[in-house]
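The values are calculated or read from the model by the stated rules, or taken from the named source; none is laboratory data. Worth saying up front: this structure is predicted, and the values here are computed from it rather than measured. Every residue, glycine as well, gets a Cβ built from its backbone with ideal geometry; the counts of neighbours run over all protein chains shown. Side chains included, ligands, DNA and RNA excluded: accessible areas come from the protein's heavy atoms. Shrake-Rupley method; radii C 1.70, N 1.55, O 1.52, S 1.80 Å.
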Amino acid sequence: MRDKSDSGGMLDGVWRFFASVRLTVAVLLSLAVTSIIGTVIPQNMTPFLYLRSYGEGLYRVFDALDMFDMYHSWWFRFLLLILVVNIIICSINRLSATWKIIFPKTPVFPVVRLKQAKHKETWQVADSPESVKNRFLSYIAKNYRTHEVQPEKDGFLILAEKGRWTRLGVYAVHFSVLLMVLGGLIGSLLGFEGFVNIPEGESAARIRLITGNAEKDLGFLIRCNDFDISYYENGMPREYRSNISLVKDGNVLVTKDIRVNDPLRFAGVNIFQSSWGRTPGKRFKVVFTEESSGVTYESEASLGEEVQVPGDKGVLILDDFKSEFSFKGVNLGGVFIGRLALKDQEPTNVLLPVEFPRFDRMRRGEHVISVSDLAYSYYTGLQVTRDPGVPVVYVGFVLMIIGCYITFFMFHQKVCVAVIEKDGQTQVAVSGILGKNRPGMAAVAKQLSNRLKHLR
Amino acid sequence: MSAEIFSIVTFIYGLSVILYVAAWVFKKSFLGGLATWVTVAGAAGNGAGLVFRWIESYQMGIGHAPLSNLYESLVFFSFSLAGIYLFIEFRYKMKSIGVAASPLFFLAMAYASLPKVNSGIQPLIPALQSNWLIAHVITCFLGYAAFAVAFGTSLMFLVKPVDGRPGTGIIGLIPDSDILDDLTHQMVMFGFLFLSLGIITGSVWANQAWGRYWGWDPKETWSLITWLIYASLLHARLMRGWQGKRIALLSCLGFIAVIFTYFGVNLLPGLHSYQ
């Protein structure tokens, strides 16, 4: 790159900026710190909820900074972009230098550095240098990629090396990060993610996308044939299962039982069991029990319809049904919420849990109101996605693991076995160097010397 | 059955803490040898307890690997820690690191014994009914355990005087700074590989259960934050030649992120919070 400086110092400066590992560390730590924000501020909720928890002023500031969808904000993406450019430039820069080390025309052993290396194992053998030579050489030849013998005064050196290619592992790791970012980009450009609720026996052709209040036509119908929940003895849910069919022009394309962890995948579209709910049947009975006498009156009712209170005392309207409702921390299950307008009294709200018919006693009215003969209809909540980026991301995953393993646990090692006769004794010294700043040479030297000591 | 084994294991681990500290303070090698064998017994019991718990869950008709809730994860964490520590002790022939490591696996077991941690064998909720559960939990916790040991060696590095004097008293018995620095680096690399595997297996599982491989759920995000901190450490070390104190401090910071990923996330809303 230095020879480019005449074409513009500015460009050279930009290149050097992006080629620095200082930038890498800064960007990695910035991503770490900013990512915390999204785990503290819940993401992608409705403005109403944010306004309630943060107030008008803070809401505006956060909203302007995209804090409510920060992982998709321009500034977070900008950090990712810097990381990507940093990785690419660093890799080009270093690979051009490393390439000569990995694939040299004539391998050279740095004899002095090897002999003076920090970790050294020495021992003495009874035989003369020449008599151990063949033994050592055959072991080295078998276990190292290249080796050579250099004569020394009163002995010789065996120089050997292996694992040059492992220097490429780190590029695999960095390339894998690029693949993951690319896969994510493909997914966000060409994929979609949405939800749809389908009552048992009904079909849906459109799903609601999670981003920007839009809907999407799938090009086929999803029909929910059946939905089932089963429970363990202790009441914990065991299984949510939907039997669904995909239907196009009246023809069933495919039918499958889907469960959590067992989706339906069809023509690139994935359908997941995501949630469920129930809606009350259209007709049910409202029961009025007179507290003083225990006499009951029953009346047919439906949601939103006026029900006469016995003795022409007023009207009750049930406005809403919630399939799960908590009251003072107790889960009441399905509840009706209604308005009771008695003559000569202010209208009051009533809460009628289907499974607790005596709950309304708390209101201390003349009648206890409850609901009976309620048939539920269930709906299944499906998540529908398409993500053509997944294969690219998965290739990235595999490459990341292989690359990390090579980078961390395989070394480019150069070793020197010095066999010297001194004062009538043969001394053997094993020393070596690993790729830069790598720990573990001591272990390598120890292992190699153990092998050599026990050669027969 | 497994419950009793785990109470005994907690006690044994407590004993190994005392023995490692005693061996260190009194410089008695027979105490060190005893500490090692007590820890081996504790780890064997810990592993056997996990196997028994697995069998018990099948006897209850809700068979699944004992890796499904906070209690079981703590027990497995403790087992991983003791295993990794013993491996290092045998490989490096150094017992003084036990002083920093043994409290970690003892504390994990002690925390699991608290009444507020539900120790019952519960059936698997639908989201956890997947073969990915075992791969995901084991890889994550091996990673956490390696980072915990790196935290231990980093702490020892930091309390050791820097000026190269051999030091007096028990501080002088801390292993050589170079060895600690080297061990921290080794453990961080091991942990990083397994954390990566843990995140990746979790990602593939999430894609199968929820239809996306990454959703910025707080636990996912915190595991990424942890990954980014250790990635910074490795870059600072390998490329910028950072060593010693700065690496030890980054390793401590990384472990704080690990702890938050493990426990703190339960304070935040999300899919991973333990029931």
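Quick notes on this structure:
- Cα-based radius of gyration of the range A:284-377 once divided by 2.2 N^0.38 Å, which approximates compact folds: 1.01
- Distance between modelled label sites at A:L95 and A:A126, nm, 7 Å Cα→Cβ extension: 5.6 nm
- Atom-type composition of the exposed protein surface of the protein assembly as shown places 61 percent of the accessible area on carbon and sulfur (1.4 angstrom probe).
- Selected from B:P103, B:S2, B:S57, residue furthest toward positive end of dipole (the range B:1-113; charges at beta carbon): B:P103
- Database remark: amide H of A:E152 closer than 5 angstrom to the amide H of A:L157 (H placed geometrically; neighbours at sequence offset of 5 or more, or on other chains; Pro and chain starts carry no H).
- Averaged over the residues of peptide A:182-192, the number of Cβ atoms from other protein chains lying within 10 Å of each residue's Cβ is 1.
- Annotation: peptides B:148-159, B:236-247, A:298-309, ranked by per-residue average of other Cβ atoms within 10 Å with the highest first, follow the order B:148-159, B:236-247, A:298-309.
- Principal-axis analysis of the Cα atoms of chain B puts helix B:177-209 at an angle of about 10° to the longest axis.
- In the complete set of protein chains, residue-level accessible area for A:K313 is approximately 80 Å², probe 1.4 angstrom.
- The range A:133-186 and the range B:41-57: distance between their alpha carbon centers, rounded to Å: 42 Å
- Rounded to the nearest 20 debye, dipole of the range A:5-164 from Cβ charges on Lys, Arg, Asp, Glu: 560 debye
- Computed from Cα positions, the angle between helix B:218-238 and the longest principal axis of chain B comes to roughly 30 degrees.
- Only one residue of A:I37, A:A267, A:L23 has its Cα farthest out toward the positive end of the dipole of chain A, where Lys and Arg carry +1 and Asp and Glu -1 on Cβ, and that residue is A:L23.
- In the range A:401-440, the residues that give up 20 Å² or more of accessible area when the other protein chains are added, compared with the chain on its own (1.4 Å probe), are A:I401, A:C404, A:F408, A:F409, A:K436, A:N437, A:R438, A:P439.
- Cα centroid of the range A:388-415 to Cα centroid of the range B:114-156, whole Å: 24 Å
- Unit charges on C-beta of K, R, D, E only; dipole of the range A:284-377, Debye: 360 debye
- All other residues whose Cβ lies under 14 angstrom from that of B:A22 are scored, Lys and Arg at +1 and Asp and Glu at -1, for a net of +3.
- Per-residue mean of foreign Cβ neighbours for A:278-286 is 0 (Cβ atoms of other chains, 10 Å radius).
- Excluding same-chain neighbours fewer than eight residues apart, the lysines reachable from A:K256 by a Cα-Cα span under 17 Å are A:K248.
- Lys/Arg +1, Asp/Glu -1 at C-beta; chain A dipole; positive extreme among A:L185, A:G365, A:Y54: A:L185
- Charge dipole magnitude, Cβ of K and R +1, D and E -1 - the protein assembly as shown, Cα centre, debye nearest 20: 3920 debye
- Once the chain from A:V149 to A:E56 is taken as fully extended at 0.36 nm per residue, the excess over their C-alpha distance is 25.6 nm.
- In a DSSP loop and with at most 15 other Cβ atoms within 10 Å, the trypsin sites (Lys or Arg not before Pro) in the range A:148-201 are A:K153.
- On Cα atoms only, tilt of B:2-26 relative to the major axis of chain B in degrees: 10 degrees
- Taken per residue, the accessible surface of the protein assembly as shown reaches 49 Å², heavy atoms only and a 1.4 Å probe.
- Checked against a 20 Å cut-off, the cross-linked pairs A:K142/A:K162; A:K133/A:K453; A:K153/A:K446; A:K285/A:K322; A:K328/B:K219; A:K282/A:K322 give Cα-Cα distances beyond that limit for A:K153/A:K446; A:K328/B:K219.
- With the simple model of a label 7 Å out from the Cα in the direction of the Cβ, A:E215 to A:V330 spans 4.1 nm.
- Legend: residues in the range B:212-230 shielded by at least 30 square angstrom of accessible surface upon adding the remaining protein chains to the isolated chain (1.4 Å probe, heavy atoms) are B:Y213, B:W216, B:T221, B:W222, B:I225, B:W227, B:L228.
- Per-residue SASA remark: B:K219, around 20 Å² accessible (1.4 Å probe; ligands, DNA and RNA not included).
- In the B-A interface, the accessible area buried, summed over both sides, Å² (probe 1.4 Å): 4400 Å²
- Shielding by partners - mean other protein chain Cβ count within 10 Å, residues of B:232-241: 6
- The alpha-carbon of B:K116 sits under 18 angstrom from the alpha-carbons of these aspartates and glutamates, leaving out residues fewer than 8 places away in its chain: B:E4, B:E72.
- The range A:309-424 - Rg over Rh from alpha carbon coordinates, Kirkwood radius: 1.67
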